[in-house]
Ligand code: AHG
Ligand code: MN
Ligand code: MN
């Protein structure tokens, strides 16, 4: 039995985004394919381990964080872009006077490098002025597109517009990204993803909320948000990274982790909250601002929000 090959990335995205956003998504996909190759041989090319530097987040930088940052910075420096905000750069990089601001996490899940799936995250923000952060902020509602890759087998790319989420699988035989699924909608919650070892650091309202959201679900936590969010999108569930006594605002960063994933989750009919309100409505006043992040099937997120407010 033969089947016709699934549509490739550019034909699947044409018409869903303007030409410039299609170009940015294509560049992100190309750089992701390149990073996938680099990751596949990293144990053989002396690319594992730390650089010895510490990034603006206070985290030790891995050689692959740095390599991935160079790759995506080059790929996304386009005429349509005004600035690039990378997890690995202290300050936004002003690249031109285009209409888009890009947030990206070049390598998500660094603690899994060399062992398990890692990924990359992209957010394309429309019309965010240079002084927005200082002048009262902007919100994740300025996103027009978001995407992330998971470098596993299969290597997957997820792309969302405001109303539609598609997945693509990388075909190494011709280095193309081909449609795996279109019009994704988050299934009812099945899995709960959270780092349970932090329980002693949670406030009573977080304990109540996590217990309410996880009730009846099975636990799966990888340490790579990209992998856990992909599972939530495809198999149903809820991902939670709440605030705790060591990270009073949570760990994940709004512009290149939380908002792009929240945008994807809402576009797939799910929900994303900081516990008190939809994260996409929260003003962002600093490039590396953090937020608690709860995202997934609407029923589970609603249980978290109710538990957090004390209603459980
Ligand atoms: P990054 O590797 O970009 O710094 O992000 C890691 C994030 C995220 O991928 C993951 O969900 C979380 O950190 C894991 O943190 P804990 O080890 O605290 O659970
Ligand atoms: Mn990350
Ligand atoms: Mn990272």
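Each value in this text was obtained by applying a stated rule to the coordinates, not by laboratory testing. Nothing here was measured: the structure is a model prediction, and the numbers come from that model. Cβ coordinates were reconstructed from backbone atoms using ideal geometry, including for glycine residues, and neighbour counts include every protein chain displayed.
The three principal axes of the Cα atoms in region 191-309 give end-to-end lengths of 37, 31, 26 Å, sorted in falling order. Quick check: from the Cα gyration tensor, does region 5-181 come out rounded (a/c under 1.5), prolate or oblate? It is oblate, given that a/c is not under 1.5 and a/b is not larger than b/c. As a length-normalised measure over Cα pairs under 8 Å and 6 or more apart, the relative contact order of the chain settles at 17 percent.
Only DSSP H runs of four or more residues enter the estimate; each adds -39500 (n - 2.57), and after division by the residues of the chain the mean residue ellipticity at 222 nm equals -8500 deg cm²/dmol. Entry note: the chain has Rg to Rh equal to 0.95, where both radii use alpha-carbon atoms and Rh is the Kirkwood radius. Counting only DSSP beta bridges whose two residues both lie in region 191-309, roughly 60 percent are antiparallel. Between 184, 47, 143, the GNM of the chain built on Cα springs shorter than 10 angstrom shows 47 fluctuating the most. Report the FRET efficiency, 1/(1 + (r/R0)^6), for residue 77 and residue 174, where r is their Cβ-Cβ distance and R0 is 30 Å, rounded to 0.05. Using R0 = 30 Å, I get an efficiency of 0.65. With both labels modelled 7 Å from their Cα along Cα-to-Cβ, the residue 302 to residue 249 distance reads 3.1 nm.
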